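What follows is one structure encoded as structure tokens, with my remarks underneath.
What follows is calculated from the coordinates using simple rules that are stated; it is not laboratory data. No experiment lies behind these values; they were computed from the predicted model shown. Cβ: placed from backbone, ideal geometry, glycine included. Neighbour counts: every protein chain shown.
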Amino acid sequence: MTAVVCLGSISNIKALWESRIQKHQEELKAENGRRGKASVGEISNVWESRIQLSKLKEKVYNEDGRLILRIEKEEWKTLPACLVKLSQLQEWQLHRTGLTAIPTFIANFSNLLVLDLSRNAIRKIPREIGGLTKLRELLLSYNRIAEVPAEISGCESLERLELAVNKDISELPAQLSKLTQLTHMDLSMNQFSTIPKAVMELPALEWLDMGSNKLKTLPQDIDKMQRLHSLWLQRNEISELPDSISRLQNLSTLVLSNNQMRGIPACLQSLESLRFVNFRDNRLELEVSLPPSEEEEDEEERELYGLQFMHAYILQSIHAGHAEK
């Protein structure tokens, strides 16, 4: 039997295969294009990373054998991941850069001694900061931080902590008391209504600034802070002091200006180490003037110094009390 070939069928089949081949070629071309773009993107990212790293290296200084990254008044809202290649840095000083976050890769900088990120726009302290066991100074004043993580207690070598002018911090984690080396703390211009318990239990604390908060009273057990020598409480709402403050035998500076004090308690005379005290701009009920000084001494300086004024006030208040009886 003779086979009959349908020319229309062959033509249709040929057109179908040509269509499939063309589509396959177009898909291959598109895929190659995507791969090409990806390669270009990867190369671009590599070069950008190298440029950023080069710029950062220009900001690294060797001072007295310490490697310091110092950036002032330049825009670095985020820090690139390539920074981890400079993990031997011992100090960061980044001021007025607009930095919005401390990178989580901060934990890679195990040799860091000082982290100074003051005057930026940081909103959060990452938990990873607890891995910086050698860190001695953490300076985060003038930022937008509202919460301090418990992991900060992992910074076991920390000696100085500054969180001033963040405006929204109102409490601290209990774990903070584990910072046994901490001697200096600045919590001024925040939202504290009392001295946090964790602060009271810091065994080495010597200097505390809680000015410009919302303190109305001081804890009755304030004498726990036996090593404290400077206590700054200016611009609060404190109206009285607990008798226990008289047992802070190392206290040499006490600033209570701009509060609601109506008197000066006699117990302060027991503070034998006290050298500077300031009661300016309180609502003291007695008007006390100091006798003329035999030495050449500026009257304003004497008033600012305040120790003579304090003793004169207490003496006059005792006499006034006896007269009433």
Inset, instruction - Please give the FRET efficiency for residue 220 paired with residue 267, using the beta carbon to beta carbon distance and R0 = 22 Å, rounded to the nearest 0.05. - result: 0.95
Inset, instruction - Provide, for q = 0.18 Å⁻¹, the log10 of I(q)/I(0) from a solvent-free Debye sum over equal Cα point scatterers in segment 82-143. - result: -0.58
Inset, instruction - Give 55/124; 77/124; 57/124; 178/214 a once-over and call out the pairs whose C-alpha atoms are over 20 Å from each other. - result: 55/124; 57/124; 178/214
